[in-house]
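Bear in mind these aren't lab numbers, they're just calculated from the coordinates by the rules spelled out. Just so we're clear, the structure is a prediction, and the values are computed from it rather than from any experiment. All Cβ positions, glycine included, derive from the backbone under ideal geometry; neighbour counts span all protein chains shown.
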Amino acid sequence: MTQKPASRIVHINGWPGIGKLTIGRLLAKRLGARLIDNHMLLNPAEALFARSNPMHASLREQIRQTFFDHAVRADPAESFVFTDALADDGYDSATFSWYLDLAAARGAGLIAILLDCAPEENARRLISPGRSEALKLTDTAMLQRLRANYKLLRGLAERTIEIDTTNLSPEQTTVQILADIGV
């Protein structure tokens, strides 16, 4: 009888438009994991409140709390792939602690994947069809400001894999991730 591999949590972090959701879908399928895109947690708050409204942050926090409280109790063999756009600052470091706590509570391995690409390629991807309908960032000037003023969060998991996707397709990136995590 073959045994299912131990539960794992894969956290994909990268700039808006980098391809996290596309890669996350491919990776979750290959790992037999559940995909939790950051917009699943953001969009309910986004639908009700502008990001500048304090109620947006409050609702987003409540949604995250409820989700993670329930994820701890999911089937112990279940694996998850999460996507996020976290910066190297105090607020986003605290957000990443949710994943550390979830992995610890589930006895799961946590693997952080950091995706980046050339700024010009990132801007090209940011305006892909369908992004605005999904309430995703499509403002290239905002992306440029984010990239100029922040660095991506890295190195908080026991294992972090960094990949430059500038010249890689989502499929090639997924194959590289699977090879790096030994699948």
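Straight-distance candidates among the aspartates and glutamates for linking to residue 136, with alpha-carbon spacing under 16 Å and chain neighbours fewer than 8 residues away dropped: 37, 46, 84. Amide H contacts of residue 111: 9, 10, 11, each under 5 Å away and 5 or more positions distant or on a separate chain (H built 1.01 Å from N in the peptide plane; Pro and chain starts excluded). When the alpha carbon gyration tensor of the range 11-118 is reduced to an equivalent ellipsoid, the three semi-axes, largest first, read 22, 18, 14 Å. Computed from the Cβ-Cβ distance with R0 of 22 Å, the FRET efficiency linking residue 105 to residue 61 stands at 0.75. For residue 40 and residue 175, the difference between the fully extended length at 0.36 nm per residue and the C-alpha to C-alpha distance is 46.1 nm. Taking a span of 18 Å or more along the helix axis (Cα atoms) and a mean Kyte-Doolittle hydropathy of at least -0.5 as the rule, the DSSP H helices of the chain that qualify are 54-72, 90-106. For the pair residue 51 and residue 6, label points projected 7 Å from Cα toward Cβ lie 3.7 nm apart.
The Kirkwood radius of the chain, taken over pairs of alpha-carbon atoms, gives through the Stokes-Einstein law at 37 °C and 0.692 mPa s a diffusion coefficient of 193 µm² s⁻¹. Over the chain, DSSP H runs of length four or greater, each weighted -39,500 (n - 2.57), average out per residue to a 222 nm ellipticity of -15500 deg cm²/dmol. If a spin label sat at a point 7 angstrom from the Cα of residue 89 along the line to its beta carbon, the backbone N atoms of the range 150-176 nearer than 11 Å would be those of 150-151. With θ taken as phi - 60° and the Karplus curve 6.51 cos²θ - 1.76 cosθ + 1.60 applied, the whole-hertz 3J(HN,Hα) list for the range 75-82 is 3, x, 8, 5, 10, 10, 10, 10 Hz, x standing for glycine and proline.
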